[in-house]
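Trainee: Okay, handing you the structure first.
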Amino acid sequence: MLDGCVPWPEEFAERYRAAGYWKDETLGEMLRARAREHGDRPALVAPRGSTRGSTRQTGRSTGPGAGRVTGHGQVTGPATGPRGEGTTGSDEAGWERLTYAGLDARADRVAAGLRALGIAPGDRVVVQLPNTAAFVTLIFGLFRLGALPIFALPAHRSSEITYFCEFTAATAYVIPDEDDYRHLAGEVLAKTTTLEHVLTEIPEADPADLPRPDPADVALFLLSGGTTGVPKLVPRTHREWAYSGRAVAEACGYDQDTVHLVSLPLGHNWPLTHGLLATLHAGGTLVLADGPSPDETFPLIESEGVTETGLVPGVALLWMEAAEWGEHDLSSLRRVTIGGSKLSDELAKRVEPALGCRLQQAFGMAEGLCGFHRPEDPPEVVLVSQGIPVSPADEMRVVDEDDRDVPPGEVGQLLARGPYTIRGYYRSPAHNAQTFTHDGFYRTGDLVRLLPTGHVVFEGRVKDQINRGGDKIAAEEVENHLLAHPNVRQVALVGVPDEVLGERSCACVVPRGEAPALPELAAFLRERGVAAFKIPDRLEIMTDLPLTPLGKVSKKALTAMVT
Ligand code: J2J
């Protein structure tokens, strides 16, 4: 196990292996097995993206301009029209279609190409790509090689990316071949010491013999929604993450006829497991869109016969409004899954009539535990709960402030343990001691209650986090940035209710000298390289912040004041 990661105790590892949850299979082998079973079936339909299947490397220059991005590679291979067998077609608009055999072969070529560049098993690679075919071929290439992707979001900027690179000692960073990302990479290169490659295109080479990664080893890093001053990284192993995908596929009843559209950014755990991993595990077809707007997704649903998709509540609202126009035939959709933030009971009722398909809710977290409704769940359960865990080995406790179980049906904090829930964040022993119980349960920071059926109802949060339409903001991280502003003496970031996003963020600032204005603070945060979704939506200037009896800022009182 990689240094800085917390392994499962042997007793649990043995239990999960014996029960068949953990298999002796890497993520790369999972894809290989599917390719053997149904090589000719369509696996992927996706925009090719600017990161094409050819080699161009932008690296650290060694001359006087060191630290700037300098392109010194060359494009090889055709600019359009993918190579290799298993490609069922591509069109002028830059779409790529790969069969299972094609995707499998491409993953081998990418693994070899990465290796030839000098990327080695165990290396960390920050991946910041939109939903494209390149995303999928790259990550399976990395899994095959045993190099570890760190899933950044397209919205992340130099503050976040630099931190990921430094904290994991990443040697490579993969971006789309676009000016703003090249510029971003330049900023990151200037601040980091370990980064050797910035790739704007995915390297390929003839397949090479590579050592097999250990299925028990860490395969990837996800980002935690976070509550702390700096983001936390979630290490996931091959066998355990593969199991989460398999468990989701089984819970949702996926099969080869499943055509799953992912339009939310793939770097999030939810679209990665429920969309990519579960669909490929089941032998279905993964369709990618570079954004969830109806303009982009509705034509795809119609042309590809999409049967499944996942949406956050705010996007579901947009879809429901757009569906009223009736311009596109959405009749292939069998089910939409809504999660990531709380779907109100009122909106839930409108989904099935508006979209003409079944509703399922989902909850989960990059740290592991996730739940979905089951096809046989009755409507009265689907409308008021967020789902039920996918694995029979998932353990949940609902506890009070002293970690005592609350009476059945009452609200408390959710603790989780199980075959795909981590035992600790990467290199964070002090934080882990607070966030995990002595017997290995993860403190989710979510307030829930359980229905007698075991379904989970989300009731709120105890963690200092804002859920802005599914994007999670760690209040402390943004507060730390704002405190660096000369006119900010004290600050607290809180969530205020919002009809579309669920919550928006509001910065409550006690000024030093002249009170700053919101556009000025926003520009300041952008200048510091903070992702746009973390920039406060609202600013409240205050003379002081309300305190708890213990003298800490009372976010509860503050939220009530600004709501
Ligand atoms: C309320 N809050 C929810 C829901 C997540 C499946 C689905 C979602 C995620 C995810 C995921 C919620 N209602 N339906 O990884 O596999 C909030 C909780 C949770 C946090 C985790 C998956 N579904 N949440 O959203 O790591 O507060 O994962 O702890 O992004 O989102 O966020 P994230």
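The values are calculated or read from the model by the stated rules, or taken from the named source; none is laboratory data. Because the structure is predicted, anything quoted here is derived from the model rather than measured. Virtual Cβ from ideal backbone geometry, glycine too; neighbours counted across all protein chains shown.
Trainee: Only one of ARG461, ARG449, ARG512 is out of contact with any helix residue (DSSP H, G or I) (no Cβ under 6 Å at 6 or more places or on another chain) and more than 24 Å from ASP402 (Cα to Cα); which? Explain how you work it out, then say what you get.
Mentor: On the way: ARG461 fails: more than 24 Å from ASP402 (Cα to Cα); ARG449 fails: more than 24 Å from ASP402 (Cα to Cα).
That would be ARG512, the only listed residue that is out of contact with any helix residue (DSSP H, G or I) (no Cβ under 6 Å at 6 or more places or on another chain) and more than 24 Å from ASP402 (Cα to Cα).
Trainee: Please go through (1) of a type in the set (Val, Ile, Thr); (2) under 22 Å from PRO9 (Cβ atoms); (3) not in a strand (DSSP E or B) for THR444 and return the number of the only condition it doesn't satisfy.
Mentor: With respect to (1) of a type in the set (Val, Ile, Thr); (2) under 22 Å from PRO9 (Cβ atoms); (3) not in a strand (DSSP E or B), THR444 is out only on (3).
Trainee: If you check every pair at least six apart or on different chains, which have Cβ atoms under 7 Å apart with a residue in the stretch 155-169 that is at pLDDT 95 or above first and a residue that is surrounded by 21 or more Cβ atoms within 10 Å (Cβ to Cβ) and in a helix (DSSP H, G or I) second?
Mentor: ARG157/LEU184; SER158/LEU184; SER158/VAL188; ILE161/LEU184; ILE161/VAL188; THR162/VAL188; CYS165/VAL188
Trainee: While we're on this one: Pull up the stretch 390-402, narrow it to residues that are in contact (Cβ under 8 Å) with a residue 60 or more places away in the chain and within 13 Å of the ligand (Cβ to nearest atom), then point me to the one that is surrounded by the fewest Cβ atoms within 10 Å (Cβ to Cβ). Give the derivation first.
Mentor: At the first step, the residues of the stretch 390-402 found to be in contact (Cβ under 8 Å) with a residue 60 or more places away in the chain are 390-391, 393, 396.
The next check asks that each one be within 13 Å of the ligand (Cβ to nearest atom); those that pass are 390-391, 396.
Numbers: VAL390: 29, SER391: 24, MET396: 19.
Only one residue tops the list, namely MET396.
Trainee: Considering only residues that are more than 14 Å from ARG449 (Cα to Cα) and not in a loop (DSSP other than H, G, I, E, B), which ones fall in the stretch 393-407?
Mentor: GLU395
Trainee: Right, another one. Any idea which of SER332, SER344 is more than 24 Å from the chain's Cα centre (by Cα) and polar (S, T, N, Q)? Spell out the reasoning first.
Mentor: Values: SER344 fails: more than 24 Å from the chain's Cα centre (by Cα).
After applying the criteria, what remains is SER332.
Trainee: If GLY495 satisfies all but one of (1) in contact (Cβ under 8 Å) with a residue 40 or more places away in the chain; (2) over 27 Å from VAL398 (Cα atoms); (3) not in a loop (DSSP other than H, G, I, E, B), what's the number of the condition it fails?
Mentor: Going through the list (1) in contact (Cβ under 8 Å) with a residue 40 or more places away in the chain; (2) over 27 Å from VAL398 (Cα atoms); (3) not in a loop (DSSP other than H, G, I, E, B), GLY495 breaks only (2).
Trainee: Still on this structure, I have one more. Are there any pairs, at least 6 apart or on different chains, whose C-beta atoms fall under 6 Å, with the first in the stretch 405-428 and surrounded by 22 or more Cβ atoms within 10 Å (Cβ to Cβ) and the second assigned to a strand (DSSP E or B) and small (Gly, Ala, Ser), and if so, which?
Mentor: Hits for this filter: TYR420/GLY368; THR421/GLY368; ILE422/GLY368.
Trainee: If you don't mind, there's one more thing I want to ask. Within the stretch 460-492, track down each residue that is in a loop (DSSP other than H, G, I, E, B), hydrophobic (A, V, I, L, M, F, W, C) and within 11 Å of the ligand (Cβ to nearest atom).
Mentor: Looking only at the stretch 460-492, we keep the residues that are in a loop (DSSP other than H, G, I, E, B), and these are 462-464, 469-470, 484-487.
Remaining after also requiring hydrophobic (A, V, I, L, M, F, W, C): 462, 484.
Across the stretch 460-492, the qualifying residue is only VAL462.
Trainee: Shifting gears a bit: Among the residues of the stretch 174-192, which ones are touching a helix residue (DSSP H, G or I) at 6+ places or on another chain (Cβ under 6 Å) and not aliphatic (A, V, I, L, M)?
Mentor: GLU187, LYS191, THR192
Trainee: Do you know which residues across the stretch 204-227 are within 16 Å of the ligand (Cβ to nearest atom) and either at positive phi or among the β-branched types (Val, Ile, Thr) (or both)? Spell out how you get there, then give the answer.
Mentor: Our first condition is that a residue be within 16 Å of the ligand (Cβ to nearest atom); within the stretch 204-227, this holds for 220-227.
Residues satisfying the conditions are GLY226, THR227.
Trainee: From ALA205, ALA247, grab the single residue that is in contact with a Phe, Trp or Tyr (Cβ under 9 Å, 6 or more places away or on another chain) and either of a type in the set (Gly, Ala, Ser) or free of Cβ contacts under 8 Å to residues at least 40 places away in the same chain (or both).
Mentor: Numbers: ALA205 fails: in contact with a Phe, Trp or Tyr (Cβ under 9 Å, 6 or more places away or on another chain).
From the options ALA205, ALA247, the qualifying one is ALA247.
Trainee: Could you please find all residues in the stretch 160-174 being outside any helix (DSSP H, G or I) and either assigned by TED's automatic domain parsing to the domain that holds HIS481 or under 27 Å from ARG106 (Cβ atoms) (or both)? Outline the logic, then answer.
Mentor: Start the filter on the stretch 160-174 by keeping residues that are outside any helix (DSSP H, G or I), which leaves 169-174.
Residues satisfying the conditions are ALA170, THR171, ALA172, TYR173, VAL174.
Trainee: Every residue in the stretch 175-194 that is out of contact with any Asp or Glu (no Cβ under 9 Å at 6 or more places or on another chain), in a loop (DSSP other than H, G, I, E, B) and not acidic (Asp, Glu), please. Talk me through it step by step, then tell me what you get.
Mentor: Taking the stretch 175-194 first, the residues out of contact with any Asp or Glu (no Cβ under 9 Å at 6 or more places or on another chain) are 175-176, 178-190.
Then keep just the ones that are in a loop (DSSP other than H, G, I, E, B); that gives 175-176, 178.
ILE175, PRO176, listed by residue number.
Trainee: Take the residues in the stretch 232-248 that are among the aliphatic types (A, V, I, L, M) and within 13 Å of the ligand (Cβ to nearest atom), then tell me which one is surrounded by the fewest Cβ atoms within 10 Å (Cβ to Cβ). Show your work before the answer.
Mentor: If we filter the stretch 232-248 for residues that are among the aliphatic types (A, V, I, L, M), which is where we start, we get 233-234, 242, 247-248.
Next cut, within 13 Å of the ligand (Cβ to nearest atom) only: 233-234, 247-248.
Values: LEU233: 25, VAL234: 23, ALA247: 25, VAL248: 28.
If we take residues in the stretch 232-248 being among the aliphatic types (A, V, I, L, M) and within 13 Å of the ligand (Cβ to nearest atom), then VAL234 is surrounded by the fewest Cβ atoms within 10 Å (Cβ to Cβ).
Trainee: Okay, next question. Of the residues GLU346, GLU327, which is at pLDDT below 95 and farther than 24 Å from GLY495 by Cβ?
Mentor: Working: GLU346 fails: farther than 24 Å from GLY495 by Cβ.
Sole residue among the options that is at pLDDT below 95 and farther than 24 Å from GLY495 by Cβ: GLU327.
Trainee: Report every pair of residues separated by at least 6 positions or lying on different chains whose Cβ atoms are under 7 Å apart, first residue within the stretch 334-360 and in contact (Cβ under 8 Å) with a residue 40 or more places away in the chain, second within 16 Å of the ligand (Cβ to nearest atom) and among the aliphatic types (A, V, I, L, M).
Mentor: Qualifying pairs under 7 Å: THR337/ALA362; GLY339/ALA362; GLY340/VAL312; SER341/VAL312; GLN360/VAL382.
Trainee: If the Cβ limit is 9 Å and pairs must be 6+ apart or interchain, which residue in the stretch 108-124 that is within 12 Å of PRO211 (Cα to Cα) pairs with which residue that is surrounded by 21 or more Cβ atoms within 10 Å (Cβ to Cβ) and aromatic (Phe, Trp, Tyr)?
Mentor: The qualifying pairs are ALA111/PHE140; ALA111/PHE143.
Trainee: If we scan the stretch 258-268, do we find a residue that is within 13 Å of the ligand (Cβ to nearest atom) and of a type in the set (S, T, N, Q)?
Mentor: No: the stretch 258-268 contains no residue that is within 13 Å of the ligand (Cβ to nearest atom) and of a type in the set (S, T, N, Q).
Trainee: Please go through the stretch 365-378 and pick out each residue that is farther than 13 Å from GLU250 by Cα, in contact (Cβ under 8 Å) with a residue 24 or more places away in the chain and away from the ligand (no atom under 14 Å from the Cβ).
Mentor: ASP377
Trainee: Residue by residue through the stretch 297-308, note down the ones that are surrounded by fewer than 22 Cβ atoms within 10 Å (Cβ to Cβ) and closer than 22 Å to ILE139 by Cβ.
Mentor: Pass one, the stretch 297-308, residues surrounded by fewer than 22 Cβ atoms within 10 Å (Cβ to Cβ): 298-300, 302-305, 307.
Matches in the stretch 297-308: LEU300, GLU304.
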